[in-house]
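Read through the structure below, which is laid out as structure tokens, and then see the notes.
The values are calculated or read from the model by the stated rules, or taken from the named source; none is laboratory data. Note that this is a predicted model, so its numbers are computed, not measured. Ideal geometry is used to build each Cβ from the backbone, glycine not excepted, and the neighbour counts take in all protein chains shown. Surface areas here come from the heavy atoms of the whole protein model, side chains and all, with no ligands, DNA or RNA. Shrake-Rupley method; radii C 1.70, N 1.55, O 1.52, S 1.80 Å.
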Amino acid sequence: MIEIRSPLQAQIVQWQVQAGDHVRAGDLLVILEAMKMEHELRASDGGRVSELFFVNGELVAEADVLLKIELLTQEIRGLEPDLAYKSAENAPASVQQPTQGFQGPAATTEGQAAAQAGKAPPAQAAPGDAAARPDLQRLLARQAHTLDASRPEAVAKRHALGLRTARENIADLVDADSFIEYGALAVAAQSRRRSEQDLIQNTPADGMVTGIGSINQALFGADQSRAVVLAYDATVLAGTQGIRNHHKTDRMLGIALQQKLPVVLFAEGGGGRPGDVDMPIVAGLHVGTFASFARLNGQVPVLGIVAGRCFAGNAALLGCCDVIIATQSSNIGMGGPAMVEGGGLGVFKPEQIGPSEVQHGNGVIDILVADEREAVAAARHYLSFFQGRSKEWQAPDALALRDVVPENRVRVYDTRAAIAGLADVGSVLFSRGGFGQGIHTALARIEGRPVGILANNPLHLGGAIDAAAADKAARFMQLCNAHGLALISLVDTPGFMVGPDTEAQAQVRHVSRMFIAAAHLRVPFFSVVLRKGYGLGAMAMTAGGFHSPLMTVAWPSGEFGAMGLEGAVRLGYRKELEALPEGPQREALFEQLLAKQYDNGSAIHMAATLEIDAVIDPAQTRNWLLRGLQMQGQLPGAQNLSIDAW
């Protein structure tokens, strides 16, 4: 005989058994109520109820005996069981169990009882299961309204435009079954003007899908792959910013900052939404979303993606991103047609405001792609550089580097060939290719190690650095510095661009950004002079001076000087040249002096005077850089680092 005691002070709500009843392990014995909450007491062993000591409605104290059960044992006779009831004192040792708390050996939870009986715990109802509890059915029905399948007409219109839904883009971006959605049951704050069912059906998630998922987990593991994803849903109220999706955004941005998670923003949408009337708001200028988004700058990678139209508040968030990926059909602007017309600035179609060719050329768009599929692929590629080293890589043909720079010192060439000869095959991702064309910027890998690469472009202004190129380079240095990527600079420049037209572009301020950005670097910097290394421009390309980088080397084609050799000869030897009449004689002297200057500024002479660290075989450049990267120690902390919006 065993006693079943009350685990707490309570009231008996309802007995589920009577004296003489047979019970099995897991059967419900009695329901108790305490603090307005009901507690179930179940049997852990089979037996027969011998006596009940209280009736429904009575109060019981903790440890009061509620009932007694004679344990059920089994004796084997041949092939048939013989059931007998024995007292606990005579029961086999396997039946006698220690009392757990005041619950007694015959009382346990439902899951424990099932496990002890050799059965699986009670199964949860699957979506659509007719046997599901009513509360679960209500949840499943409500969740169904948030999915694309519940709005086939809206999805069809989207597809007819050649575009994908927000959920389709997220599914393509994150690893399978990894996305955890936050705030899915939100609806637009418009209950004063629309019915609840209307809002549920037509404003799911308040027009914004938010959550956390993994990206590239197979390559970099679970810890490094987590990211916050925010996607305005253009099929819901044109992807506008409602008060509740602002709240959702703020929630996710707080998690991203706290957990140091990258953020991916699908920014398509029309800006602020005036129709949210449930909140007592006049202008909504107190909303903290924009400040919260900007606060991520320099703390975590922040990536924006645009397909379709992105105007006003959506564009403001997009402009705070480290990198913007946009499709060729996209339009980006701080105001859409209605705002432009309302300001008396004319009547325009959406396609006329901030088209991709304009925004790519002026530097707003970092990476221009054909469609959303390519945009998502580029996003995964971009994020990978901040997720760690790649275990698998393929080296390029090192010998090809020997032929990158032409033997003719005034012949132009494409320095992107040098980047391709240094980086792991398939790893290079160029950014801002339509802007600041005097300098190439790219993320890449060397033996799986992520790096940032700068390279002068002799095809544009002979490699001279103008205002746009300087802005591009300075911001790229900030980006790599904030997120811990070593920098490699491939130098071939005659210096900063000069002249009246150039100075009209505030050249002095723009090019000086490169010195300031370099002065705040915490990451290793490596410089390789491919050919021309002249003046202040070359110093800016080498983090402020040739001895600022961890390593400054040159190829045999390198040539150096305080300014361009031709200019140096004409300026330094003006009297000697003017002493001769114009014509072959003066030209011969010029060529003679130029050859002398070239020899004096050769890479070998620069290395001999210790102004650079070495002259190397171009085919050995990757190995030199790899050794330098292997020297990298622990980086200083990343506090108070920022990346300019421009």
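Loop-located trypsin sites (Lys or Arg not before Pro) across segment 409-447 with a Cβ neighbour count of 14 or fewer within 10 Å are ARG409, ARG411, with loop assigned by DSSP.
The string of couplings for segment 6-12 from the Karplus curve (6.51, -1.76, 1.60, θ = phi - 60°) is 6, x, 6, 5, 6, 10, 6 Hz, one whole number per residue in order, with x for Gly and Pro. Scalar couplings 3J(HN,Hα) for segment 54-63, obtained by applying the Karplus form with A = 6.51, B = -1.76, C = 1.60 to θ = phi - 60°, are 9, 10, 4, x, 6, 8, 10, 8, 4, 6 Hz; x denotes Gly and Pro.
Its residue count N sets the reference 2.2 N^0.38 Å, and the alpha-carbon radius of gyration of segment 433-578 equals 1.05 times that reference.
Using only side-chain charges placed at the Cβ, +1 for Lys and Arg and -1 for Asp and Glu, the dipole size of segment 340-439 relative to its Cα centre rounds to 340 debye.
Under a 5 Å amide H cut-off, with hydrogens placed 1.01 Å from N, ASP64 pairs with SER6 among residues at least 5 apart or on other chains. Near LEU32, once Lys and Arg are set to +1 and Asp and Glu to -1 for all other residues with Cβ below 13 Å from its Cβ, the sum equals -3.
Using only helices, what value at 222 nm comes out for the chain when you add -39,500 (n - 2.57) per DSSP H run of length 4 or more and divide by the total residues, to the nearest 500 deg cm²/dmol? Write down the numbers at each step before the final one.
Numbers: 23 runs with 199 residues, N = 646.
Calculated mean residue ellipticity at 222 nm is -8500 deg cm²/dmol.
Placing unit charges on the Cβ atoms only, positive for Lys and Arg and negative for Asp and Glu, gives the chain a dipole magnitude near 1220 debye about its Cα centre.
Quick one: Cα centre-to-centre distance for segment 406-452 and segment 1-67, in angstrom? Between the Cα centres of segment 406-452 and segment 1-67 lies a distance of 77 Å. What FRET efficiency comes out for the pair GLU374/VAL412, r = Cβ-Cβ distance, R0 = 25 Å, nearest 0.05? Computed FRET efficiency for GLU374 and VAL412 comes out at 0.25. Rg and Dmax of segment 205-268, both derived from C-alpha coordinates alone, stand at 12.7, 38 Å.
In whole percent, and with a 1.4 Å probe on the protein chains, what portion of the accessible area of the chain is carbon and sulfur?
Details: 16650 of 31000 Å².
Roughly 54 percent, rounded to a whole number.
Relative contact order of the chain, please, whole-number percent, based on alpha carbon pairs below 8 angstrom and at least 6 residues apart. It comes to 7 percent, rounded to a whole number.
Each semi-axis of the equivalent ellipsoid for segment 476-558 is √(5λ) with λ an eigenvalue of the Cα gyration tensor; in descending order they amount to 22, 18, 9 Å. If one takes the longest principal axis of the Cα atoms in the chain, at what angle in degrees, from 0 to 90 and to the nearest 10, does the Cα axis of helix 243-259 lie? For helix 243-259, the angle is close to 80 degrees.
Given segment 500-646, what percent of its DSSP beta bridges are antiparallel, to the nearest 5? Let's see the in-between values first.
On the way: 1 of 10 bridges.
That works out to approximately 10 percent antiparallel.
Computed over neighbours whose Cβ is under 12 Å from that of ILE446, the net charge equals +3, Lys and Arg +1, Asp and Glu -1.
Of all beta bridges DSSP finds with both residues in the chain, what is the antiparallel percent, to the nearest 5?
On the way: 55 of 96 bridges.
Here the share of antiparallel DSSP bridges comes out near 55 percent.
Amide H contacts of HIS145: none lie under 5 Å away among residues 5 or more positions distant or on a separate chain (H built 1.01 Å from N in the peptide plane; Pro and chain starts excluded).
Assuming R0 = 41 Å, can you tell me the calculated FRET efficiency for the pair ARG192 and LEU136, based on Cβ-Cβ distance, to the nearest 0.05? Efficiency at R0 = 41 Å is approximately 0.85.
Restricting the count to DSSP beta bridges whose residues both fall in segment 302-426, what percent are antiparallel, rounded to a multiple of 5? Approximately 10 percent, going by the DSSP bridge assignments.
With a 1.4 Å probe rolled over the protein heavy atoms of all chains, the accessible area of ASP371, ASP223, ASP492, ASP397 falls in the order ASP223, ASP397, ASP371, ASP492, largest first.
Taking the charge dipole of the chain about its Cα centre, with +1 at Lys and Arg Cβ atoms and -1 at Asp and Glu Cβ atoms, the residue from ASN457, GLY333, LEU66 reaching farthest to the positive side is ASN457. The alpha carbon convex hull volume per residue for segment 534-585 rounds to 97 Å³.
3J(HN,Hα) couplings calculated from phi for segment 196-204 with the Karplus curve 6.51 cos²θ - 1.76 cosθ + 1.60 (θ = phi - 60°) are, in sequence order, 4, 5, 4, 5, 5, 6, 10, 10, x Hz; Gly and Pro show x.
Seen against the Cα atoms of the chain and their longest principal axis, helix 134-144 is set at about 20 degrees.
Which net charge results for the neighbourhood of PHE476, defined as the other residues with beta-carbon distances under 12 angstrom from its beta-carbon, given Lys and Arg at +1 and Asp and Glu at -1? Walk me through the numbers before you get to the answer.
Numbers: positive: ARG432, LYS472, ARG475, ARG513; negative: ASP322, ASP366, ASP471, ASP644.
Charge balance in the 12 Å sphere: 0.
Within the same chain, aspartates and glutamates fewer than 8 places from LYS532 are excluded, and of the rest, those with a Cα less than 19 Å from its Cα are ASP403, GLU407, ASP414, ASP466, ASP492, GLU559, GLU566, GLU591, ASP599, GLU611, ASP613, ASP617.
On the beta carbon distance between LEU59 and ALA294, with R0 = 51 Å, the FRET formula returns roughly 0.25.
Near ARG42, the amide H atoms lying under 5 Å from its own belong to LEU29, THR108; only residues 5 or more places off or on other chains count, and H is placed 1.01 Å from N. Under 30 Å of direct C-alpha separation, and excluding same-chain neighbours fewer than eight residues apart, LYS248 reaches these lysines: LYS157, LYS260. Pairing the Cα long axis of helix 467-482 with the longest principal axis of the chain, what angle in degrees results, from 0 to 90 and rounded to the nearest 10? Result, in degrees: 40.
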